[in-house]
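Heads up: the structure comes next, in structure tokens.
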Amino acid sequence: KLSHEELYALELASKLHDIGKIALPDSALNKQSPLTEDEWQAMRQHPVQGARIVGEISELGYVSTIIRHHHERLDGSGYPDGLIGPAIPYMSRIIAVADAFEAMTSERAYRDRLSPSEALNELRHYSNTHYQPEIIDVLEQYLASNDEIASDDNEKMAA
């Protein structure tokens, strides 16, 4: 139920949300093992760098804000600013769910990928602390309508 302008901003932000990673060393981006604390500190700056890069285009100021806050968490445990709940732009909350789902369902060198149902369960586990429950609901409806999760999985998750 987003306006045309909001959908456009969301589309741009979703495509550009990790652009700040170009400022990170390849050694951190391509690492086959867990990151060190120093590498994590650098990684936590990618939303700031991405917002700075995109913000250079004055017409993309709102998109820049969305990018900056896509790793914030409802409980304030996110980064870079530790925003809480409604202080996090709604579009950033959408990207946070989509980005987490994509990361969980993708193969990583350091862990196996999760199935869509397993990833939804993980998102639900962090519902209200990290992620907006209503956004998870929309993702679940989308996955069910595209037969990416079985209908019996939907019934189990609703129980």
Most positive-pole-ward Cα, Ala23, Ser127, Ile94, against dipole of the chain from beta carbon charges:
Ala23
Among Thr129, Thr105, Thr36, whose mean-square fluctuation peaks in a Gaussian network model of the chain (Cα, cutoff 10 Å)?
Thr36
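Given Cα positions, please report Rg to Rh for segment 43-143, the hydrodynamic radius being the Kirkwood one. Show your work: numbers first, answer last.
Details: Rg = 14.0 Å, Rh = 14.1 Å.
Looking at segment 43-143, the ratio lands at 0.99.
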Have a look at Ala109, Ala13, Ala98 and tell me which one the Gaussian network model of the chain (Cα, springs below 10 Å) gives the largest fluctuation.
Ala109
In whole Hz, the Karplus estimates of ³J(HN,Hα) for segment 23-29 (6.51, -1.76, 1.60; θ = phi - 60°; x where Gly or Pro) are 7, 8, x, 4, 4, 7, 5
Listed residues Glu72, Glu56, Glu122, most fluctuating in the chain (Gaussian network, C-alpha, under 10 Å):
Glu56
Can you give the FRET efficiency to the nearest 0.05 for Ile22 and Asp112, using r as the Cβ-Cβ distance and R₀ = 30 Å?
0.60
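Whenever you get a sec, compute what percent of the accessible area on segment 48-145 sits on carbon and sulfur atoms (1.4 Å probe).
Numbers: 2550 of 4880 Å².
About 52 percent, which is the carbon plus sulfur part of the accessible surface.
How large is the helix-only mean residue ellipticity at 222 nm for the chain, computed as the sum of -39500 (n - 2.57) over DSSP H runs with n ≥ 4, divided by its residue count, in deg cm²/dmol to the nearest 500?
On the way: 9 runs with 88 residues, N = 159.
Result for the chain, helices only: -16000 deg cm²/dmol.
Expressed as a rounded percentage, what relative contact order does segment 11-93 have, with Cα pairs under 8 Å and six or more residues apart?
After rounding, I find 26 percent.
How high is the relative contact order of the chain, in percent, with contacts defined as C-alpha pairs under 8 Å that are six or more residues apart?
Values: 193 pairs, mean separation 26.5, N = 159.
In percent, rounded to a whole number, it is 17.
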With N set to the number of residues, divide the alpha-carbon radius of gyration of segment 38-91 by 2.2 N^0.38 Å and report two decimals.
1.12
Could you run the Karplus curve 6.51 cos²θ - 1.76 cosθ + 1.60 with θ = phi - 60° over segment 77-82 and give me ³J(HN,Hα) per residue in whole Hz, x for Gly and Pro?
7, x, 9, x, 10, x
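The values are calculated or read from the model by the stated rules, or taken from the named source; none is laboratory data. Just so we're clear, the structure is a prediction, and the values are computed from it rather than from any experiment. A quick note on method: Cβ atoms are made from the backbone with ideal geometry, for glycine too, and the neighbour counts reach across all protein chains shown. SASA here: full protein model, heavy atoms, side chains in, ligands and nucleic acids out. Shrake-Rupley method; radii C 1.70, N 1.55, O 1.52, S 1.80 Å.
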